[in-house]
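Below is one structure; the comments refer to it alone.
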Amino acid sequence: MTKTKNNRALPIAMMFALFFIIAFVTGLQNPMGVIIKSQFSASNLQSQLGNLANFIAYAFMGIPAGLMLQRIGYRKTALTAVAVGLAGVCVMWAAGRTGSYAAYLAGAFVSGFSMCMLNTVVNPMLQSLGANEKKGNQLIQFGTTFNSLGATLTPILVGYLMGNEASARSIADANPALYLAMGIFVLAFVVLFFTDIPEPYLKATDGKRTKMYNPLRFRHFSLGVAAIFLYVGIEVGIPNIANLYMTDALDMEASAAGTVVGTYWLLMLFGRLIGGAVGGRVSGRAMLVFAAALGLLFIGLFIGLQHVPTTVPLPVFRSDLTFGAEPVRLSLLFLILCGAATSVMWGAIFSLATSGLGIYTATASGIFMTMVCGGGIMPAVQAWIADRTSYPFSYLLVAASFAYLLFYALRGSRTAGDLPAGK
């Protein structure tokens, strides 16, 4: 028993580290949107195109990544992903050197290929190491805690690096963060190369390949695919548009706004720690019902309290490296609190959608990752709505998405065996 646990410890730790990398590199697109808006006098929609490029890569790479997982296994897929990720960050660095918006978009797109492959690896790997739905969900919740840590640090770091002078902001300001990402990728490649990763589905299929679309025959998986599209759009859209809202409409310092956004991700981190602690005893369905209802409530309060002048102090870092309290609108507090609601959703949706798929799990993971493109499409649509109406009005899209997730938790995630007779 001890030997088995030890054999699982290193792969689990490696998957947690990959979760951190995914968030750190993906999170760069949030504060970079503020830089793009200033450097190129871009609209809200144009500022989100880097984020769109990063996530739309999932639409192209999700299914191929699932096939890679089937044919070459977890370890080789992860090594390929890390190498591609390093290349993508290098292209973004080159964009800073040349001041090229097109090169920045290309770098974000290439990075997206890497993030898609890594996501395709870490989620089913942790699910399989967990042995059952609850334990698998628990490991994913703990893994996404490291994801939240990376996402918390990125906007704070880049918010400080870009400074408070809007006219002087450029992509090159983010170079220290890019150097850090490069170093993480190199270290991850070396460690992965010498790590023995279990290959349960590669051995289970014994050379026989499942058809790519077989998992879509399962109703709970098909509806889960839509759920993950909307969820990632919610998770990314809330802080991305909030950052634009605070620095543009509310004229907050970029470093202060970045810290407020970082608080959203920090709440996700705490929520995921709690989710991991209780995940072995609480079902993914119960988690998702609670989280979706809570998110719907918070978004409703944010929209409904727009004209209330009350402010609340939030701890922030400022451009002069001081740390203090920043008065923030009460409505914004409820927006940031959505981090607690979105925290456990990823693991819960993935566990519910892939429950009972067996040898289809690796294939399903590829399809699942394809729909992570919602993290680029949804914020872009929300930014387009904000351009034509207002920032607060654009969050009606988020409210509608939370409503669907509540439906999925209550009804859509149930398999044939879960439904009452005659249903």
- [ ] Among the residues of the range 266-305, count how many are within 20 Å of Ser394 (Cβ to Cβ) and in a helix (DSSP H, G or I).
- [x] 11
Task: Count of residues meeting criterion [of a type in the set (Lys, Arg) and open to solvent by less than 30 Å² (accessible area, probe 1.4 Å)] in the range 272-303 - done: 1
Open item on the list: I'm told Phe40 meets every condition in (1) open to solvent by 10 Å² or more (accessible area, probe 1.4 Å); (2) touching a Phe, Trp or Tyr at 6+ places or on another chain (Cβ under 6 Å); (3) modelled with pLDDT of 85 or more except one. Can you identify the failing condition by its number?
Closed with: (3)
Task: Tally, over the range 242-271, of residues that are touching a Ser or Thr at 6+ places or on another chain (Cβ under 6 Å) and modelled with pLDDT of 85 or more - done: 2
Task: Wholly within the range 333-408, helices (runs of 4 or more DSSP H) carrying at least 2 residues that are under 16 Å from the mean Cα position of the chain (by Cα) - done: 345-354, 361-370, 374-388, 396-407
Task: When residues of the range 40-66 are limited to those that are of a type in the set (S, T, N, Q) and free of Cβ contacts under 8 Å to residues at least 60 places away in the same chain, the one farthest from Ala103 (Cα to Cα) - done: Ser41
- [ ] Working carefully through the options Ala257, Ala226, Ala242, find the one that is in contact (Cβ under 8 Å) with a residue 60 or more places away in the chain, buried (at least 24 other Cβ atoms within 10 Å of the Cβ) and either hydrophobic (A, V, I, L, M, F, W, C) or in a loop (DSSP other than H, G, I, E, B) (or both).
- [x] Ala257
Open item on the list: Any residue that is in contact with a Cys (Cβ under 7 Å, 6 or more places away or on another chain) and either over 27 Å from Thr311 (Cα atoms) or modelled with pLDDT under 90 (or both) - is there at least one of those in the range 399-416?
Closed with: no
- [ ] Read through the list (1) aliphatic (A, V, I, L, M); (2) open to solvent by 50 Å² or more (accessible area, probe 1.4 Å); (3) over 27 Å from Ala102 (Cα atoms), then give the number of the only condition that Leu69 fails.
- [x] (2)
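The values are calculated or read from the model by the stated rules, or taken from the named source; none is laboratory data. Quick caveat, the model's predicted, so the values are computed rather than measured. Here the Cβ is made from the backbone with ideal geometry for all residues, glycine too, and neighbour counts use every protein chain on show. Areas reflect the complete protein model, heavy atoms only, side chains present, ligands, DNA and RNA absent. Shrake-Rupley method; radii C 1.70, N 1.55, O 1.52, S 1.80 Å.
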